[in-house]
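Worksheet: one structure, shown below.
FYI, it's all coordinate maths here, none of it is from the lab. Just so we're clear, the structure is a prediction, and the values are computed from it rather than from any experiment. Backbone-built Cβ (ideal geometry, glycine too); neighbour counts: all protein chains shown.
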Amino acid sequence: MEIKACLFDLDGVLVDTAIYHYKAWKQLANSLGFDFTEEQNEQLKGISRMESLDKILAWGKITKSGEEKLNLASQKNECYVAMINQMTPTEVLHGTVDFLTAIKDEGYKIALGSASKNSAIILERTQLTHFFDVIVDGNIVGKSKPDPEVFLKGAELLGVPPSACLVFEDAIAGIEAANRAGMRSVGIGSPEVLTEATIVVKDLSKLSVQHLRQMNEL
Ligand code: BG6
Ligand code: MG
């Protein structure tokens, strides 16, 4: 089936906001009297804000009520938003603008498929908004990856069947979501980690429209 649409995860594919999430969560954990490592932070990539908080509280062996958790999550988000409000287009990952420009010129439909509720600010600060026909993020989907909802919604809004969609993802959960949606995928990162992706590349600078045409056969 010919690929007609490209669906992009945001964090770790187009921009690297993981460091800001880490700093903001670390500040919150420290205020509660504990710390966590950068390796532990890897486990927070791709999962929702509340799921991240649950993991962090478990690492600190801390129990909080539902209301307290909402307060802690919004405290973290305030700190995170203050940081991403300072982002600039220089933080867009290598090869991203050239690749998005090339596929847009070629007529591929383009959607965002992110768990973040802050995707609009990030895309605006990094001047990427204009590339997207559709933005699906944590504000409009309830279920987190590996549930396929975020990508199925993107396909539906673009009016393209899942079998004609290609997902770009850096997280194992995101590749699983693509597979469960019946979509092919490009893993961004290491082939040892993203074993279930259709193909894996280091970053978007390694890809061209020609590669997408070759993927029609996969
Ligand atoms: C994902 C990140 O894109 O968005 C996760 O990889 C993050 O680490 C999730 O928890 C939710 O982000 P936000 O901006 O809604 O708190
Ligand atoms: Mg990601």
For residue 189, enumerate residues with amide H under 5 Å from its amide H, sequence gap 5+ or separate chain, H modeled in the peptide plane.
201, 202
Could you rank the peptides 29-37, 17-25, 100-108, 72-80 by their average count of other C-beta atoms within 10 Å per residue, with the highest value first?
17-25, 72-80, 100-108, 29-37
In segment 151-218, which GluC sites (Glu not before Pro) are in a loop and have at most 13 other Cβ atoms within 10 Å, using DSSP for the loop call?
192, 196, 217
Please determine, in degrees from 0 to 90 and to the nearest 10, the orientation of helix 49-59 with respect to the longest principal axis defined by the Cα atoms of the chain, where the helix direction is its Cα long axis.
50
So how tilted is helix 172-181 from the main axis of the chain? Cα-based, degrees 0 to 90, rounded to 10.
50
Go ahead and estimate [θ] at 222 nm for the chain from helices alone: -39,500 (n - 2.57) per DSSP H run with n ≥ 4, summed, over the residue count, rounded to 500.
-12500 deg cm²/dmol
Coarse-grained scattering of segment 18-84 at q = 0.20, 0.24, 0.29 Å⁻¹, given as base-10 log I(q)/I(0) from a Debye sum over alpha-carbon atoms:
-0.74, -1.11, -1.66
Segment 56-145 - percent relative contact order, Cα under 8 Å, separation 6 or more
30
Around residue 216: net Lys/Arg minus Asp/Glu count, Cβ-Cβ under 11 Å:
+1
Excluding near-sequence neighbours (fewer than 8 apart on one chain), segment 71-217 holds lysine pairs with C-alpha atoms under 29 Å apart numbering 28
For the chain, what is the convex hull (Cα atoms) projected area averaged across all directions, in square nanometres?
11.4
On C-alpha positions alone, give me the angle between the axis of helix 66-84 and the longest principal axis of the chain, in degrees, nearest 10.
60
Between segment 51-85 and segment 187-218, what is the separation of their alpha carbon centroids in Å?
34
Listed by chain and number, the aspartates and glutamates with an alpha carbon less than 19 angstrom from that of residue 69, same-chain partners under 8 positions apart left out, are 35, 51, 54, 78
In a Debye calculation with equal point scatterers on the alpha-carbon sites of segment 110-203 and no solvent, what is log10 I(q)/I(0) at q = 0.16 Å⁻¹?
-0.62
